[in-house]
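The structure under discussion appears below in the form of structure tokens.
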Amino acid sequence: MTAPRGRGARGGGPVPPRLRVWLFPRQRSWGEPFPIVWDSSDRPVALPAASLPIALPDVPDYAPKTFDPDDADSSPEAPLGRNEDWVNVTLDLGDGPQQYRRETNTMPNWAGSCWYYLRHLDAGHDGITVVDPDLERYWLAPGHHPLSAKAGGVDLYVGGVEHAVLHLLYARFWHKILFDLGHVSSPEPFGRLVNQGYIQAFAYLDERGMYVEASEVEGDEATGFTHQGRPVTREYGKMGKSLKNVVTPDEMCHDYGADTFRLYEMSMGPLDLSRPWNTRDVVGSQRFLQRLWRNVVDEETGALTVTDAEADLETLRAVHRTIADVTVEMEHLRPNTAIAKLIMLNNTLTSLPAVPRAAIEPLVQMVAPFAPHIAEELWARLGHADSLTYAPYPVADPAHLVEDTVTCVVQIKGKVRARLEVPPSISEVDLEAAALADPAIVRAIGDAQVRKVIVRAPNLVNVVV
């Protein structure tokens, strides 16, 4: 939103905000119609609620027609203007039946997306209002959730930086108008914005400095790169059509599956940083899902291999530590490190003679946000009739987060001479006694006199001789 320059508000009031409107007069192929008709005196008349929504007609051609600069009688024509039966209509808007002309300009594609987050709250609502007021207050009013933004609205919006000058600008402008009119309960549409980084990929330029199709380039770092037999130079850039380095999701889903593609994207690096795409690294994500499958299902027979026997204490600790760590990582929008924790747990379970149900089910649940299809299939194979979507997310048991022992380093003259496994709650007196009694420390001290023992329970003992 920008304030108009060089214009004062009527009656000396505050300068009203305005939105740059260049996108609205710009007719593309289609868009939402304005609920406006024009009377015989060319005055605009807003349609009443009973006439909404406006049903769009069929038109023979969606392409906008531009005016002919050599023809004084020609003018631009919106696609809707080609359906005369729809444009010219007889309506009774309170003064009896009269002839009106519908507005044929349409809104841009960003217009409809400005309020989708409101409609999402009440998708089944069949009225002409955007959202049921009670539902809107429940979800978007300030303080609707302990973790929600103080101003209310959607708690978190994740989108590319382009959205800051396109969708978000329009959404905020419209939302504030709705707030001023009393239709929504929060002054802001979104409480927090996170911009994800770009996916980058190698791009190649020929001797003219023109980009060539990256998929057609051959060679490697050692031999050099060529395109159709001619040498090209390589650079990194944002994946896009202009650089001709797009890797389409369809190709990846065909070769590796949608779950692998999704998992790899989430594991590439921090969400807010740009990351380089490397198709060869996708195999790592695929192998993780394959190992996860084999921890549940026998690949030869298709039989369930999970045991209902109780998991040992070490396995339970690994599971609950992973639950705790993944929960924290996801709360802080670090999916890449969360996936790394899941891979570690899966590797731990792979080393077991048989995987306990108590260990694999939480893992499948935690994998679901990244690889929903395989997670649902495994959940069904584990004997659950309902979708995994309805299962509560696993919660770490604090009792399994406490380690029985910690490693204490014992130093003499600053050099590590021994490591002791001791209880976390060990006292300084007991830790000093245990350190001085350790055979390796006794040998290292020899006939020297102990001058001082510095104890930092439970992790460190420093012996000064």
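The values are calculated or read from the model by the stated rules, or taken from the named source; none is laboratory data. Computed from a predicted structure; not experimentally measured. Don't worry about glycine lacking a Cβ; one is built from the backbone with ideal geometry, like all the others, and counts go over all protein chains shown. These accessible areas exclude ligands, DNA and RNA; they are computed on the full protein's heavy atoms, side chains included. Shrake-Rupley method; radii C 1.70, N 1.55, O 1.52, S 1.80 Å.
On the basis of being over 35 Å from the mean Cα position of the chain (by Cα), modelled with pLDDT under 90 and not in a helix (DSSP H, G or I), does Asp126 make the cut? So Asp126 does not fit the description; no. A single entry from Val59, Val89, Val21 fulfils the requirement of being among the aliphatic types (A, V, I, L, M) and modelled with pLDDT of 80 or more: Val89. If you check Leu273, Leu289 for being exposed (fewer than 14 other Cβ atoms within 10 Å of the Cβ) and in contact with a Gly (Cβ under 9 Å, 6 or more places away or on another chain), only one passes: Leu273. Set side by side, the residues Thr301, Thr260 differ, and just one is under 27 Å from Tyr157 (Cα atoms) and out of contact with any Asp or Glu (no Cβ under 7 Å at 6 or more places or on another chain), which is Thr260. Please enumerate the residues belonging to region 322-338 that are in a helix (DSSP H, G or I) and farther than 21 Å from Leu401 by Cβ. Once the filter is applied, which keeps residues that are in a helix (DSSP H, G or I) and farther than 21 Å from Leu401 by Cβ, region 322-338 yields Pro335, Asn336.
Listed by position, the helices (runs of 4 or more DSSP H) enclosed by region 354-465 that each have at least 1 residues that are open to solvent by 20 Å² or more (accessible area, probe 1.4 Å), among the charged types (D, E, K, R) and at pLDDT below 95 are 428-437, 439-445. Which count do you get for residues in region 261-293 that are outside any loop (DSSP other than H, G, I, E, B), in contact (Cβ under 8 Å) with a residue 40 or more places away in the chain and out of contact with any Phe, Trp or Tyr (no Cβ under 7 Å at 6 or more places or on another chain)? The qualifying residues number 8.
Going residue by residue through region 65-82, is there one that turns out to be buried (at least 16 other Cβ atoms within 10 Å of the Cβ), aliphatic (A, V, I, L, M), modelled with pLDDT of 90 or more and not in a loop (DSSP other than H, G, I, E, B)? Scanning region 65-82 turns up no residue that is buried (at least 16 other Cβ atoms within 10 Å of the Cβ), aliphatic (A, V, I, L, M), modelled with pLDDT of 90 or more and not in a loop (DSSP other than H, G, I, E, B). Scanning region 92-123 for residues that are closer than 20 Å to Trp38 by Cβ, surrounded by fewer than 11 Cβ atoms within 10 Å (Cβ to Cβ) and modelled with pLDDT under 90 turns up Gly94, Asp95. Please go through region 221-251 and give me each residue that is among the aliphatic types (A, V, I, L, M) and within 22 Å of Gln196 (Cβ to Cβ), ordered by number. Result: Met239, Leu243, Val246, Val247. Note on region 288-321: residues that are within 13 Å of Ile343 (Cα to Cα) and touching a Pro at 6+ places or on another chain (Cβ under 8 Å) total 1.
Looking at region 398-431 only, could you name the residues that are under 19 Å from His320 (Cα atoms) and in contact with a Leu (Cβ under 8 Å, 6 or more places away or on another chain)?
His400
Applying the criterion of being among the small types (Gly, Ala, Ser) and in a loop (DSSP other than H, G, I, E, B) to the residues of region 230-249, the residue that is least open to solvent (accessible area, probe 1.4 Å) is Gly240.
Being at positive phi, open to solvent by less than 40 Å² (accessible area, probe 1.4 Å) and not polar (S, T, N, Q) is a property that Gly302 has. Mind checking which residues of region 214-229 are part of a loop (DSSP other than H, G, I, E, B) and open to solvent by less than 90 Å² (accessible area, probe 1.4 Å)? Gly229 - this is the single residue of region 214-229 that is part of a loop (DSSP other than H, G, I, E, B) and open to solvent by less than 90 Å² (accessible area, probe 1.4 Å). For region 172-196, a tally of residues being touching a His at 6+ places or on another chain (Cβ under 9 Å) and either assigned to a helix (DSSP H, G or I) or open to solvent by 60 Å² or more (accessible area, probe 1.4 Å) (or both) returns 2. Here Lys413 qualifies as at positive phi and either of a type in the set (Phe, Trp, Tyr) or in contact (Cβ under 8 Å) with a residue 12 or more places away in the chain (or both). Scanning region 317-347 for residues that are among the polar types (S, T, N, Q) and either under 17 Å from the mean Cα position of the chain (by Cα) or buried (at least 16 other Cβ atoms within 10 Å of the Cβ) (or both) returns Thr322, Thr327, Asn336, Thr337, Asn346.
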